[in-house]
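Undergrad: So that we are looking at the same thing, I have put the structure below in structure tokens.
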Amino acid sequence: MRHLVRAEFRRLLATRMWSGLLLLAALIGGGMMGAMALVGPENFDPPMPGLDTETGIRSILGFLGYTAFVPAAAGALAVTSEYRHRTAAVTFLFAPRRWQVLAAKLTTYGVAGLAYGLILAGTAAAALLTVTTLRGISLGLPTGTVLTLLARIGLAMVAYLLIGAGVGALLRNQVAALCVVIGYVYLGEPLLMMIPGVNASTRSCPAAPRPPSPASPTSPTPSRRRSATPPSVCSPRPPERSCSPRTPSPPL
């Protein structure tokens, strides 16, 4: 099993696709997040909540979820390219047990997906924190919470890459695997979100905005409303004294 994993890593590092994939992760994470933070969600069309709110932070981090097709397509291409170029026959000739070959591939692609997710989340965190510091904006969530959300996004990229690799191993056709993977990301998941139970389980997702708290700081409480009423309504005014001097009475 070790020699299969070692062989898969050697094959992985021998191609240019994975170095380009890691570079693309840096461009997507740092470039896209830095550009959105620099412009500001409140300046979008239509405008969104700013970065100083929790909803704005979760919304801007949710844009990284739309790039999940990149690792999924990379995993599908990595597996189906072996069947396309007929190199899988040589692999199965030296390793007849196909489950071991598939396990070695999933292990290798899992490590590659972890590297992709770390670079994506790391560059996005660096760009977001740098731009907000330069603009003097305080984030709507603590820094630890933002880093936790980005770590979840990075782990999700690992899962998408493994899904793409599994679909490629099942279908073996490159075009069909890409169509299924991209269709699942952009069509299958939105349909799953329509199920009430599945939709409720995504409330902890970075892209899922939370409803605002009922006690908004802009809406005055009843006690504030009472104090805001003029004092003339609540308590009568004291009688005003006349400041004019008295005229002396005429002598009798």
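The values are calculated or read from the model by the stated rules, or taken from the named source; none is laboratory data. Keep in mind the model is a prediction, meaning the values are calculated, not measured. So basically every Cβ, Gly included, is an ideal-geometry build from the backbone, and we count neighbours across all protein chains shown.
Undergrad: Looking at (1) out of contact with any helix residue (DSSP H, G or I) (no Cβ under 6 Å at 6 or more places or on another chain); (2) part of a helix (DSSP H, G or I); (3) closer than 20 Å to Met1 by Cβ, which is the only condition Ala115 fails?
TA: Failed condition: (3).
Undergrad: Here is a further query. Pick from region 101-131 the residues that are surrounded by fewer than 19 Cβ atoms within 10 Å (Cβ to Cβ), in contact (Cβ under 8 Å) with a residue 24 or more places away in the chain and within 14 Å of Gly34 (Cβ to Cβ): which of them is farthest from the chain's Cα centre (by Cα)?
TA: Within region 101-131, the match that is farthest from the chain's Cα centre (by Cα) is Thr130.
Undergrad: OK, next. How about region 167-217: which helices (runs of 4 or more DSSP H) wholly inside it have at least 2 residues that are at pLDDT below 85?
TA: Here the list reads 189-192, 196-200.
Undergrad: Based on what the data block shows, is Leu22 under 30 Å from Leu139 (Cβ atoms), touching a Phe, Trp or Tyr at 6+ places or on another chain (Cβ under 7 Å) and in contact (Cβ under 8 Å) with a residue 60 or more places away in the chain?
TA: The answer is yes for Leu22.
Undergrad: Ok, one more. Please go through region 37-76 and pick out each residue that is among the aliphatic types (A, V, I, L, M), outside any helix (DSSP H, G or I) and free of Cβ contacts under 8 Å to residues at least 40 places away in the same chain.
TA: Met48
Undergrad: I'd like the full set of residues that are modelled with pLDDT under 85 and either among the polar types (S, T, N, Q) or not in a helix (DSSP H, G or I) (or both), limited to region 77-112.
TA: Hits for region 77-112 are His85, Arg86, Thr87, Thr91, Ala95, Pro96, Arg97, Gln100.
Undergrad: Let me ask something else. Mind checking which residues of region 78-98 are surrounded by 11 or more Cβ atoms within 10 Å (Cβ to Cβ) and farther than 17 Å from Ala177 by Cβ?
TA: Thr91, Phe92, Ala95, Arg97, Arg98
Undergrad: Return the pairs, sorted by first residue and then second, in which the second residue is part of a helix (DSSP H, G or I) and among the polar types (S, T, N, Q), the first residue lies in region 177-192 and is closer than 19 Å to Ala74 by Cα and touching a residue at least 60 places away in the same chain (Cβ under 8 Å), the beta carbons are less than 9 Å apart, and the residues are 6+ apart or on different chains.
TA: Ala177/Thr80; Leu178/Thr80
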